[in-house]
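> The structure under discussion is supplied below as structure tokens; questions concerning it will follow.
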Amino acid sequence: MSDLNSLDCSVNKPKKHPLGRLARLALLLSVLGVFAGLCGLGLWQWHRGVAKQAILQSQTMGQSAALVTESEALTGNALQLAWRNVRWRGHFDAKRSLLWQNKFRRHHYGAEILVPFYLASGQGVVLVNRGWLADQVDKSALRQLVSQPISGDVWLTGQLVFPESAVLLGENLGHGPWPKTLQSWKASTLRAVYGGKWMPMMVRLSAKAQHGFDRAWPSGGMTPQRHRLYAYQWWLFAVVWLMGTTIYFRRSQHEFN
């Protein structure tokens, strides 16, 4: 009889879970953390798609808007001026050009050539992006090509853009002879080089204008539709992850019971 009682007690005694309470809590938090991370990646891609769509709309509206006058450029802001076209009179100073480094196109690294353009009115100086040139082994030949003088007053036609500052590693402005190398678009650096009349914007030289190089301007990466597809993909991963872990834990609990 005592053996039967001891057997009955052993049967009715609750089993201990192989994982402790703290371990189970840590595992649950890990699962929720991965789920939240996947949802966050989807939200990040969605916001990038919205921002890219806004940029494309701004480009379309800017190209159809009226030409920006010099006075508008001096008093307006980026939201009012971005992607609009200009037609200004002035002269270039090719000897004081900049080689904007680490621009990747056509499977090669190169530089975008920035040249100061002095407005004929004397109201300011703006940097003009003449286009892209591939890196060359003979740097002296590249510098000679870039610094060839552009004589006389000319009409500048192009599109206003407002570059964003990138992460800067090391010195921003090269210490060598002109044309100097530039690593990142920074207002403090450019104002120190070109003085107080420097205008905090850039003109992308139009495709039909003279004195330009490769002007197949990059579109800025993925389309808004591609960003939204990636967002849906991350959210699908999150749902699959949550469903899979839920099924696994339920099966484990059933086997334990």
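> For the stretch 37-62, which residues satisfy the criterion of being over 16 Å from Gln233 (Cα atoms) and modelled with pLDDT of 80 or more? Break it down stepwise before answering.
Kept after step one, since they are over 16 Å from Gln233 (Cα atoms), are these residues of the stretch 37-62: 50-62.
Of everything in the stretch 37-62, just one residue is over 16 Å from Gln233 (Cα atoms) and modelled with pLDDT of 80 or more, namely Val50.
> Identify all residues within the stretch 193-214 that are in a strand (DSSP E or B) and either out of contact with any strand residue (DSSP E or B) (no Cβ under 7 Å at 6 or more places or on another chain) or on the phi > 0 side of the Ramachandran plot (or both); write none if there are none. I'd like the intermediate steps shown before the answer.
If we filter the stretch 193-214 for residues that are in a strand (DSSP E or B), which is where we start, we get 198-205, 214.
Of everything in the stretch 193-214, just one residue is in a strand (DSSP E or B) and either out of contact with any strand residue (DSSP E or B) (no Cβ under 7 Å at 6 or more places or on another chain) or on the phi > 0 side of the Ramachandran plot (or both), namely Pro200.
> Limited to the stretch 195-216, what total is found for residues that are modelled with pLDDT of 95 or more and among the hydroxyl-bearing types (Ser, Thr, Tyr)?
Total meeting the criteria: 0.
Residues checked against (1) of a type in the set (Phe, Trp, Tyr); (2) in contact with a His (Cβ under 9 Å, 6 or more places away or on another chain):
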{"residue": "Trp100", "(1), (2)": "yes, no"}
{"residue": "His108", "(1), (2)": "no, no"}
{"residue": "Gln123", "(1), (2)": "no, no"}
{"residue": "Trp132", "(1), (2)": "yes, no"}
{"residue": "Asp153", "(1), (2)": "no, yes"}
{"residue": "Ala166", "(1), (2)": "no, no"}
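> Please go through the stretch 174-192 and pick out each residue that is free of Cβ contacts under 8 Å to residues at least 24 places away in the same chain and either outside any loop (DSSP other than H, G, I, E, B) or buried (at least 19 other Cβ atoms within 10 Å of the Cβ) (or both).
Once the filter is applied, which keeps residues that are free of Cβ contacts under 8 Å to residues at least 24 places away in the same chain and either outside any loop (DSSP other than H, G, I, E, B) or buried (at least 19 other Cβ atoms within 10 Å of the Cβ) (or both), the stretch 174-192 yields Ala187, Ser188, Thr189, Arg191, Ala192.
> Further, regarding this structure: Counting only residues that are of a type outside the set (Val, Ile, Thr), free of Cβ contacts under 8 Å to residues at least 12 places away in the same chain and either more than 13 Å from Ala94 (Cα to Cα) or surrounded by 14 or more Cβ atoms within 10 Å (Cβ to Cβ) (or both), how many does the stretch 123-152 have?
Total satisfying the criteria: 5.
> Shifting gears a bit: What is the one condition in (1) of a type in the set (A, V, I, L, M, F, W, C); (2) free of Cβ contacts under 8 Å to residues at least 60 places away in the same chain; (3) touching a Pro at 6+ places or on another chain (Cβ under 6 Å) that Leu168 does not satisfy?
Exception for Leu168: condition (3).
> All but one of (1) of a type in the set (Phe, Trp, Tyr); (2) within 24 Å of the chain's Cα centre (by Cα); (3) surrounded by fewer than 20 Cβ atoms within 10 Å (Cβ to Cβ) hold for Trp155; which doesn't?
It fails just one condition, (2).
> Out of Ser252, Ser219, report the one residue that is at pLDDT below 90, of a type in the set (S, T, N, Q) and in a loop (DSSP other than H, G, I, E, B). Please lay out each step first, then the result.
Working: Ser252 fails: in a loop (DSSP other than H, G, I, E, B).
The unique qualifying residue is Ser219.
> Ok, one more. Wholly within the stretch 78-158, which strands (runs of 3 or more DSSP E) include no fewer than the required count, namely at least 3 residues that are touching a Ser or Thr at 6+ places or on another chain (Cβ under 9 Å)? Steps first, answer last, please.
Details: elements: 85-92, 98-105, 108-119, 125-134.
Those strands (runs of 3 or more DSSP E) span 85-92, 98-105, 108-119.
> In this structure, is Glu72 among the acidic types (Asp, Glu) and under 17 Å from Arg215 (Cβ atoms)?
Answer is no for this residue.
> In addition: Determine which single condition Thr245 fails, assuming it passes every other condition in (1) part of a strand (DSSP E or B); (2) surrounded by 13 or more Cβ atoms within 10 Å (Cβ to Cβ).
Thr245 satisfies all of (1) part of a strand (DSSP E or B); (2) surrounded by 13 or more Cβ atoms within 10 Å (Cβ to Cβ) except (1).
> Against the conditions (1) surrounded by fewer than 11 Cβ atoms within 10 Å (Cβ to Cβ); (2) modelled with pLDDT of 80 or more, where does Glu70 fall short? Just the number, please.
Every condition holds for Glu70 apart from (1).
The values are calculated or read from the model by the stated rules, or taken from the named source; none is laboratory data. The shown structure was predicted, so the numbers you read here are calculated from the model rather than taken from an experiment. Reconstructed Cβ throughout: ideal geometry from the backbone, glycine too, with neighbour counts over all protein chains shown.
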